[in-house]
Amino acid sequence: MAMPDSRQIGVFDSGMGGLTVLSELVQKLPGETFLYLGDTARIPYGSRSPRTVKRYSMEIASFLEQHDIKMLVVACNTATAHALPDLTARMNVPVIGVIEPGVRALLSATQSGKVGVIGTRSTIKSAAYETEIHKIDSSVKVVSQACPLFVPIVEEGWMNKEFTRLAVREYLGPLHDQGVDAVVLGCTHYPLIRHAIALEFPEFKLIDSSVEMAGAVSAAVHATGIASAGKGSVRIMVTDVTEQLSSLQDLFFPHPVAAVDEILLPEISAG
Ligand code: DGL
């Protein structure tokens, strides 16, 4: 039996959306201590260049490393798409990105061999999902679609508006027309819009990458013998306390949180 490891698990995202992942994590691993960092000062990552997303991700990783984490969970799809190899090379602890677990579930779900990927512009442009899918099965046809309006729609709380149904139809119609049968929600915010997608396109099997991610983190914690034996807790840190912060926290994380701390990230060079 491995000794219990009480160090915390670091989780980061471009903002509060990654709390969808944290929410699944605390349910799956209630005995773990989580340190979440949301880069609210620099969100959105989804419209930024790969170089900048990489730099931001490395700065966050160094910060979390100083807090003695035992694992780094990259909850942000855009950060995973651009920075996962660099983060894995840089860190001395296991690094888990959100893309691979979602891809595995997507490939188990498809019967037609045609799958859909939706995400931010930057994630879609990176083709990171496609690359991961084709690493496992090169015969699968991938239809990708950037849905840049979904992040602001979710943050406005417009999950059940007619406007949202129109946006869903516009973005996902082409996936439907091309015979896609399974779609991965490749962005932290999209689990909240899942219901609107299911109403418009009930035939799609929707893969929630936050649920898949929690399963992967739990498996990794147990496989590497670093599970904690304590009472779990959550600490949330942000790089900017904005006016929207507490409403976003309630939206993405329906659990009690003691406090949200603001921190200043030291800048590092892009390397
Ligand atoms: N967290 C980002 C993602 O999962 C969405 C928000 C952003 O653009 O930064 O891709």
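The values are calculated or read from the model by the stated rules, or taken from the named source; none is laboratory data. Since this is a predicted model, take the numbers as computed values, not measurements. Surface accessibility is based on the protein's heavy atoms, side chains included, excluding ligands, DNA and RNA. Shrake-Rupley method; radii C 1.70, N 1.55, O 1.52, S 1.80 Å.
Straight-line reach from Lys135: which lysines have a Cα under 27 Å away, not including same-chain ones fewer than 8 places off? Output for Lys135: Lys54, Lys114, Lys125, Lys205. Sequence-ordered 3J(HN,Hα) estimates for the range 109-122 from the Karplus curve with 6.51, -1.76 and 1.60 and θ = phi - 60° stand at 7, 6, 10, 7, x, 10, 10, x, 10, 10, x, 6, 4, 5 Hz, glycine and proline given as x.
The stretch between Val257 and Ala229 holds 8.0 nm of extra length on full extension. This uses 0.36 nm per residue minus the Cα-Cα distance.
If a/c stays under 1.5 just call it rounded; otherwise compare a/b with b/c (prolate if a/b is bigger, oblate if not). Do that for the range 84-146, with a ≥ b ≥ c from the square roots of the Cα gyration tensor eigenvalues. Provide the component values of the computation, followed by the final result.
On the way: a/c = 2.46, a/b = 1.62, b/c = 1.51.
Prolate, since a/c reaches 1.5 and a/b exceeds b/c.
Looking at the chain, the accessible area is 44 square angstrom per residue; that uses a 1.4 Å probe and ignores ligands, DNA and RNA. Cα extents for the range 87-190 along the principal axes, largest to smallest and rounded to whole angstrom: 46, 32, 21. Applying the Karplus relation 6.51 cos²θ - 1.76 cosθ + 1.60 with θ = phi - 60° to the range 248-256 yields 3J(HN,Hα) values of 5, 4, 4, 5, 8, 9, x, 9, x Hz, where x marks Gly and Pro. Here the chain is treated as a sphere whose radius is the Kirkwood value from Cα pairs; by Stokes-Einstein at 20 °C and 1.002 mPa s it diffuses with a coefficient of 115 µm²/s. Working note: Karplus 6.51/-1.76/1.60 with θ = phi - 60° gives the range 13-19 the couplings 8, 5, x, 8, x, x, 5 Hz, where Gly and Pro are set to x.
Per-atom-type breakdown for the chain gives carbon and sulfur 52% of the accessible area (1.4 Å probe, protein chains only).
When the helices in the chain are scored as -39500 (n - 2.57) per DSSP H run of 4 or longer and the sum is shared across all residues, what 222 nm value do you end up with, to the nearest 500 deg cm²/dmol?
Details: 11 runs with 118 residues, N = 271.
The helix-only estimate for the chain comes to -13000 deg cm²/dmol at 222 nm.
At 0.36 nm per residue, minus the direct Cα-Cα distance, what do Val241 and Ser108 gain on full extension? Give it in nm, one decimal, please. Walk me through the numbers on the way to the answer.
On the way: separation 133, 0.36 × 133 = 47.88 nm, distance 4.02 nm.
Length gained, Val241 through Ser108: 43.9 nm.
Computed across the range 4-54, the Kirkwood hydrodynamic radius from all distinct Cα-Cα pairs reaches 12.2 Å.
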